[in-house]
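Right, one structure below, let's go through it.
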Amino acid sequence: MARQNNSFVCQQCGASHGKWTGKCDNCGVWNSIIEQPALINKLRGISKKEINKIEFLSLVGKEISEPRLRTGINEFDRVCGGGLVSGSALLVGGDPGIGKSTLLLQTVSSLANSGIPIAYISGEEGIEQIRLRANRLGLFNSSVGLASATNIVDILGTLDVEEGPKVAVIDSIQTMYVEGVDSAPGTVAQVRSSAQELISLAKRRLLTLLLVGHVTKEGAIAGPRVLEHMVDTVLYFEGERTQHFRLLRTVKNRYGPTDEIGVFEMTGSGLVEVTNPSELFLTGHSDQVHGTTVFAGIEGTRPVLVEIQALVSPTAFGTARRAVVGWDSARLSMILAVLQSRFGMNLGSSDVYLNVAGGLRITEPAADLAVAAAIISAHLGRVLPKRTVVFGELGLGGEIRAVGQSLARLKEAEKLGFKNAILPDFPVGIEKNIKSEIGLNLINVSLLQDLSSIFDLK
Ligand code: TYD
Ligand code: MG
């Protein structure tokens with residue numbers, strides 16, 4: 001008889017092991033490994049008649065008449081790439097309590113106003129609780145169909161009908177379970193099977209599926225990342241619980257650009273869209289304070305101005321401290337090294353703190369120059385000329401490299417009343433173009449050393 005190679009799968013991280021062990025080598029969790037029957041190579045035993053031949057079709061075909069459903073909440077639509085796609089599955093991840101349920105309830109209620117049938121299925125809250133929330137959000141006349149359920153078989157049976165809802169929210173996928181899968185809700189096996197069933201229903205019925213997923217402490221969507229591969233779009237809803245605004249960020253999108261952000265403010269009566277995020281991230285004090293610069297960044301397709309704050313102080317004990325909020329700490333170390341070797345700034349016995357104001361997290365290398373300028377400003381105790389924005393990438397040789405979308409950055413700065421921009425030399429050919437469109441005083445820098453003379457300008 002052929003040997004069955006059963007596999008041993010960790011229910012926390014999904015890692016597969018050759019034999020049973022008490023602790024998963026991959027994620028370090030104890031007692032999470034369960035033996036699963038192997039998929040035996042059945043093919044040999046299958047006769048030709050039993051195989052359903054797959055059919056190949058051409059790339060061009062009949063299009064769906066309304067490919068995108070606009071929810072009417074612009075920040076949400078933009079993050080999805082212009083609205084929800086029929087038959088797609090979207091995952092909204094985020095910390096518990098950050099506002100995922102609120103966001104989705106508001107979004108689908110807005111969508112329901114255009115007459116689209118919608119189901120909101122909660123496994124976490126009872127109907128009364130959801131109604132209470134809807135009341136608070138002022139959604140009195142919404143036609144969203146509410147249900148409290150956790151059994152996937154029941155949910156599938158209800159949604160899989162001819163005149164069923166066009167959009168379904170599952171809040172949250174960790175509370176759902178498939179009967180017959182031998183593990184508790186929230187485990188990899190349950191999350192994966194529940195999502196699989198729902199997604200295949202979505203594709204079959206052209207239903208838009210919005211899944212809510214809680215994120216674990218480590219930052220992975222619990223039921224570890226398995227969902228990210230299965231769905232079409234992954235959005236993260238982030239923010240500090242102590243601050244009022246929230247960012248909705250695209251992590252993956254099969255139907256649109258990634259790295260797009262939507263900005264909301266959490267108020268007493270729900271989430272409110274923030275249409276001009278730059279105003280939110282600028283305090284208005286940036287001109288007077290040492291160590292503060294304004295970075296003209298791009299988030300997704302949108303320019304956003306943010307304040308970068310640096311603090312340099314003498315080290316009290318032994319090793320110098322470097323602390324970063326909202327930026328990459330390895331990148332900070334690199335900039336400090338470049339500042340030391342190319343600018344002659346010795347920060348070996350100073351603590352350096354860097355903060356991106358407002359809780360935004362920047363990943364663009366274009367912020368290098370603004371960070372360097374903030375550190376120089378903090379160290380020298382001098383400020384840049386009033387109303388100045390900065391952007392540019394820093395090379396290891398101290399050279400300032402050009403970055404993309406200069407025009408969009410400059411236009412946003414001009415719109416918000418800035419007067420000067422410190423930026424890299426333009427790539428050949430676009431200089432004239434920019435100068436004719438932008439009324440800012442453009443200060444081009446090609447080397448880090450060029451900054452020192454700018455700090456003397458007033
Ligand atoms: P919720 O949507 O329940 O979070 P999640 O589904 O991500 O777990 O949001 C809960 C938080 O939002 C809660 O701390 C209270 C706050 N909140 C408001 O500040 N204003 C409101 O109008 C609502 C509905 C919630
Ligand atoms: Mg919730």
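Inside region 383-400, can you point out the residues that are under 27 Å from the mean Cα position of the chain (by Cα) and surrounded by fewer than 22 Cβ atoms within 10 Å (Cβ to Cβ)?
Start the filter on region 383-400 by keeping residues that are under 27 Å from the mean Cα position of the chain (by Cα), which leaves 389-394.
Glu393 - this is the single residue of region 383-400 that is under 27 Å from the mean Cα position of the chain (by Cα) and surrounded by fewer than 22 Cβ atoms within 10 Å (Cβ to Cβ).
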Take the residues of region 124-147 that are within 12 Å of ligand 1 (Cβ to nearest atom) and in a loop (DSSP other than H, G, I, E, B): which is nearest to Leu91 (Cα to Cα)? Glu124
Out of (1) more than 16 Å from ligand 2 (Cβ to nearest atom); (2) over 26 Å from Ser377 (Cβ atoms), the odd one out for Gln288 is which? (2)
Of the residues Glu179, Glu162, only one is more than 16 Å from ligand 2 (Cβ to nearest atom) and either touching a residue at least 24 places away in the same chain (Cβ under 8 Å) or closer than 20 Å to Gly94 by Cα (or both); which? Glu179
Take the conditions within 16 Å of ligand 1 (Cβ to nearest atom) and either crowded, with 18+ Cβ neighbours inside 10 Å or in contact (Cβ under 8 Å) with a residue 60 or more places away in the chain (or both) and apply them to Gly93. Does it pass? yes
How many of the residues in region 103-117 are within 16 Å of ligand 1 (Cβ to nearest atom) and surrounded by 20 or more Cβ atoms within 10 Å (Cβ to Cβ)? 7
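Laboratory data are not the source of any read-out in this text; all were calculated from the coordinates shown. Since this is a predicted model, take the numbers as computed values, not measurements. Virtual Cβ from ideal backbone geometry, glycine too; neighbours counted across all protein chains shown.
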